[in-house]
Amino acid sequence: MQSEPETVCSVAISFDRCKITSVTCSCGNKDIFYCAHVVALSLYRIRKPDQVKLHLPISETLFQMNRDQLQKFVQYLITVHHTEVLPTAQKLADEILSQNSEINQVHGAPDPTAGASIDDENCWHLDEEQVQEQVKLFLSQGGYHGSGKQLNLLFAKVREMLKMRDSNGARMLTLITEQFMADPRLSLWRQQGTTMTDKYRQLWDELGALWMCIVLNPHCKLEQKSSWLKQLKKWNSVDVCPWEDGNHGNELPNLTNALPQGANANQENLGQCKSLEYQHLPAHKFLEEGESYLTLAVEVALIGLGQQRIMPDGLYAQEKVCRNEEQLISKLQEIELDDTLVKIFRKQAVFLLEGGPYSGLGEVIHRESVPMHTFAKYLFTSLLPHDAELAYKTALRAMRLLVLESTAPSGDLSRPHHIASVVPNRYPRWFTLSHIESQQCELASTMLTAAKGDVRRLETVLESIQKNIHSSSHIFKLAQDAFKIATLMDSLPDITLLKVSLELGLQTMLTTALSLPSKS
């Protein structure tokens, strides 16, 4: 095949303190990233530094010239580029010869080849105009022609910049966010009262996640964070700024298949993951001996999962709370627990049980606090082989579902670090309540299975079920589970579990009978 004719491109690259601060290329390529010619020249400069001649700043070179040399230099420059620089040269000459011109009021002259001052901020070159144009183009395509993929590639580039501590990461995300805020579809959806598409919601979720990475970056200066906070508040005050739930209208999507259900959901996902082997890499800079990046990561994950947080108002935000929790637990399930990690689990479980307002497993919590059923089930199964007492204590504490209670729970309200449950007569709109109740049921079933043969624990679990589970269908399911566990083929029937099954079955019948309309 006949190849394309070879073209010669003129490329100029400016450096400042080991960073490319500006680029120009005659190829005319318009893109966010460097063209192939700029990349080629950069690699050539890196691999063959001796082949690229370094020059002093042009101001230093001019200073060494006499009058005749300066005149020759200017005239040759104008001759070579007369069509491009002649008008500018004549204008500058007129201004220099005029005593009252503005140019004569300034001492010296600018030198673009001298580089920035040591106090000036230096950062990698970023074509801001191209970033804005590209994002605007992708958004205008409405998810077609691979535009969503292209936006995710931009987000990945921002993550890469943040990982490398490149200050352009925040700059690039700011430009992307501005184009998202200027998307005309936001106003249209707001006026029509319709919901945004799922793909668009996911892009906004990624946008928010990246901003969290930026504002939580410990390496950023306080003035930078203050500037970002001001900008985020400005965006948040705009009328068309979408809510976290992404739903301005009254249309509620079907949640039947939105969230995983049942005891094997993560697998009162994992199977699709690639098997990974996690190892303890030493963290030399931390205070306590024996800590590794793995132990720190696991501990941070447990702290985050156990924090008390109020259930958000919107449907999409509530669904995201459940999904994110289960995804993080699924990630933790990939890690094989050793003695070091078991100590972390024990320590965090105790902290959460004894914690105050920051713990979702504290003695007294807010009535609308996000339930801990899914997290507690993971803690229970992880701790059970090593510390059964702590495992049951954690799971039993998490069984509560205060949003369905008609009165506030009792507790030591004199302790100032506890949050009292408030507004007992208002039932908020929890769109994911059916999923939450199923997780509560899974937790209870897991405890019943583990307590087989232990009369005291079975009675305690039964009391918790009768106190905290309000759905007759879930109580009936637990009655069935208890019967199946009690009558396994490879062992004698467990009398206590059969009694539990009978008690729960009777409770189901009583609840159902009371709910039936009476005949006159």
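The values are calculated or read from the model by the stated rules, or taken from the named source; none is laboratory data. Owing to the predicted nature of the structure, the values given are computational and were not obtained by experimental measurement. Cβ atoms come from the backbone with ideal geometry, glycine included; neighbour counts cover every protein chain shown. Each accessible area value is taken on the protein alone, full model and side chains, heavy atoms only, with ligands, DNA and RNA left out. Shrake-Rupley method; radii C 1.70, N 1.55, O 1.52, S 1.80 Å.
With θ taken as phi - 60° and the Karplus curve 6.51 cos²θ - 1.76 cosθ + 1.60 applied, the whole-hertz 3J(HN,Hα) list for the stretch 6-13 is 6, 10, 9, 10, 8, 10, 10, 10 Hz, x standing for glycine and proline.
The stretch 475-495 and the stretch 1-50 have Cα centres separated by 72 Å. Whole-Hz Karplus values for the stretch 54-62 come out as 8, 10, 5, x, 4, 5, 5, 5, 5 Hz, taken residue by residue from phi with 6.51 cos²θ - 1.76 cosθ + 1.60 and θ = phi - 60°; glycine and proline positions read x.
When Lys and Arg each count +1 and Asp and Glu each count -1, what net charge do the other residues less than 15 Å away from K30, Cβ to Cβ, add up to? Mind dumping the intermediate values first?
On the way: positive: K136; negative: D31, D127, E128, E129, E133.
Charge balance in the 15 Å sphere: -4.
Solvent-accessible surface of the stretch 343-392, averaged per residue with a 1.4 angstrom probe and all protein chains in place: 35 square angstrom. Summing charges over all other residues whose Cβ lies under 12 Å from the Cβ of D481, with Lys and Arg as +1 and Asp and Glu as -1, gives +1.
Sequentially through the stretch 80-93, phi angles give Karplus couplings (6.51, -1.76, 1.60; θ = phi - 60°) of 5, 10, 5, 6, 8, 10, 4, x, 5, 4, 5, 5, 5, 4 Hz, Gly and Pro residues having no value and appearing as x. On a C-alpha basis, how far is the centre of the stretch 365-380 from the centre of the stretch 152-182 in Å? Whole number, if you could? A separation of 34 Å, based on Cα centres. Hey, what did the stretch 11-51 get for relative contact order, percent, Cα under 8 Å, at least 6 apart? Computed value for the stretch 11-51: 32 percent relative contact order. Modelled this way, with points 7 Å down the Cα-to-C-beta line, the labels at E363 and Q202 are 4.6 nm from one another.
Rounded to two decimals, the Cα-based Rg/Rh of the stretch 128-237, with Kirkwood Rh, is 0.97.
Dividing the mean sequence gap of close Cα pairs (under 8 Å, 6+ apart) by how many residues the stretch 128-237 holds gives a relative contact order of 29 percent. Taking the convex hull of the alpha carbon positions in the stretch 1-101 and averaging its projected area over all directions gives 11.1 nm².
What part of the accessible area of the stretch 128-237, given as a whole %, is carbon or sulfur when the probe is 1.4 angstrom? Display every interim value, and only then the final one.
Numbers: 3520 of 6560 Å².
The computed percentage sits at 54.
How big is the stretch 73-115 by the Kirkwood estimate over distinct Cα pairs, in Å? It would help to have the intermediate numbers written out before the result.
Numbers: mean 1/r = 0.0847 Å⁻¹.
Kirkwood radius, the stretch 73-115: 11.8 Å.
Scanning residues 5 or more positions from D16 or on other chains, those with amide H under 5 Å from its amide H are T21, with H placed 1.01 Å from N in the peptide plane. Distances between placed amide hydrogens fall under 5 Å for Q307 paired with G360, all partners being 5 or more residues away or on another chain.
Amide H contacts for T113 (H built 1.01 Å from N in the peptide plane; partners 5 or more residues away or on another chain; cut-off under 5 Å): I58.
Each distinct pair of alpha carbons in the stretch 11-51 adds a 1/r term; the inverse of their mean, the Kirkwood radius, is 10.9 Å.
Return the subset of K221/K377; K19/K91; K48/K157; K347/K499; K19/K230; K157/K221 for which the Cα-Cα distance in this structure is over 31 Å, preserving the input order.
Numbers: K221/K377 40 Å; K19/K91 34 Å; K48/K157 28 Å; K347/K499 35 Å; K19/K230 29 Å; K157/K221 22 Å.
Violating the 31 Å limit, Cα to Cα: K221/K377; K19/K91; K347/K499.
Residue ranking by accessible heavy-atom surface, 1.4 Å probe, largest first, among T61, T83 comes out as T83, T61.
Of V23, V80, V364, the order by accessible heavy-atom surface (1.4 Å probe, DNA, RNA and ligands excluded), from most exposed downward, is V80, V23, V364.
In a DSSP loop and with at most 14 other Cβ atoms within 10 Å, the trypsin sites (Lys or Arg not before Pro) in the stretch 427-520 are R429, K519.
The accessible area of T197, taken with all protein chains in place and a 1.4 Å probe, comes to roughly 70 Å². On a per residue basis, the stretch 11-51 carries 69 Å² of accessible surface, using protein heavy atoms and a 1.4 Å probe.
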